[in-house]
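Input: a single structure, listed below in structure tokens.
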Amino acid sequence: MASGCSSNALQAIAGAGAAPEAPVKLKLYSFWRSSCSQRVRIALNLKGLEYEYKPVNLLANEQSDPEFERLNPIKYAPALVDGDTVIADSFAILMYLEDMYPQHPLLPQDPQNRALNIQIASIVSSSIQPLQNYPVLNFIEEKLDSNEAIKWTQHHINRGFTALEKLLKGCNTTYATGNEIQLADIFLEPQIYGGIKRFGIDMSIYPVLARLHEAYMEHPAFLAEE
Ligand SMILES: N[C@@H](CCC(=O)N[C@@H](CS)C(=O)NCC(=O)O)C(=O)O
């Protein structure tokens, strides 16, 4: 996955409504394979925001470095620094970006559609991703074995994907909740991508999610990520 893209490319992704080019001030502490970090990188791409990329190698335990722990005491990627403001947790970062940088809104005005976006984001962020996080998998591998860890992960991803597929049944828009990329999509794609590439999830049983994955693969905000 790329760690960022040029400001010209970002402006092109954000489209005509993008804010005028501002001096670099955002810093994103991120790990390339972290789905939570990918959420933020996609939103930054969509909003056409330039940022300094600060890699945190989770496989080398850099999240435990004191410098990073000061930014995020729970020692998870990502964390965003905007001037004097530090925000850790992808959901909080996305809501902050939405408030501060309103170009390419991530949430629709319509209350039902807004709630659906938040519900989908919440299923991914509360009921799927935490159950496939390294500390959880490492614990299972230590206590049981690696076969149990992969079975555990696949079970919880399939449980979440089954719910998401039901929720999106009949979805006939380009993306999950409309014809623009919104919050739901930003949570869905990194989870689907990781499900396929890391955890071998069979997407043929999730036709709506599989169709959305194809659509994301065509969109420049996601392409900049792969
Ligand atoms: N709720 C947090 C969860 C963050 C999280 O779990 N990040 C993972 C990577 S996606 C991580 O840093 N794991 C720590 C580790 O692997 O030790 C968020 O959305 O930012």
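Only the coordinates and a few stated rules stand behind these numbers; no lab work does. What you see is a predicted model; the values in this text were computed from it and never measured. Ideal geometry is used to build each Cβ from the backbone, glycine not excepted, and the neighbour counts take in all protein chains shown.
Report relative contact order for the range 32-108 in percent, whole number only (criteria: Cα-Cα under 8 Å, sequence separation at least 6).
Working: 62 pairs, mean separation 22.4, N = 77.
The normalised contact order for the range 32-108 reaches 29 percent.
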Q: Compute the Rg to Rh ratio over the chain from the alpha carbon atoms, using the Kirkwood formula for Rh, and round to two decimal places.
A: 0.96
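Of K27/K151; K47/K151; K25/K47, which ones are farther than 26 Å apart at the Cα? Mind dumping the intermediate values first?
Numbers: K27/K151 36 Å; K47/K151 37 Å; K25/K47 15 Å.
The answer is K27/K151; K47/K151.
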Q: Please tell me the relative contact order of the chain in percent, rounded to the nearest whole number, where contacts are Cα pairs under 8 Å and at least six residues apart.
A: 22
Q) In whole Å, how far is the Cα centre of the range 112-151 from that of the range 196-226? A) 18
Q.
In the range 138-152, whose amide N lies under 18 Å from the spot 7 Å out along Cα-to-Cβ of R198? List them in ranges.
A. 138-142, 146-152
**Q.** Within straight-line cross-link reach of K169, aspartates and glutamates at Cα separation under 20 Å, skipping those fewer than 8 residues along the same chain
**A.** D110, E180, D185, E189, D202, E214
Q: Report ³J(HN,Hα) in whole Hz for each residue of the range 58-65, in order, from the Karplus equation J = 6.51 cos²θ - 1.76 cosθ + 1.60 where θ = phi - 60°; Gly and Pro get x.
A: 5, 6, 9, 6, 5, 5, 8, 4
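With a cap of 11 neighbouring Cβ atoms within 10 Å, and only residues DSSP puts in a loop, list the chymotrypsin sites (Phe, Trp or Tyr not before Pro) found in the range 160-221.
Values: sites: F161, Y175, F187, Y193, F199, Y216; in loops: F199.
Nothing satisfies the criteria.
Which of the GluC sites (Glu not before Pro) found in the range 16-120 are loop residues per DSSP with 15 or fewer other Cβ atoms within 10 Å of their Cβ? Intermediate results must be reported in sequence, preceding the final value.
On the way: sites: E21, E50, E52, E62, E67, E69, E98; in loops: E21, E50.
Loop-located and lightly packed - E21.
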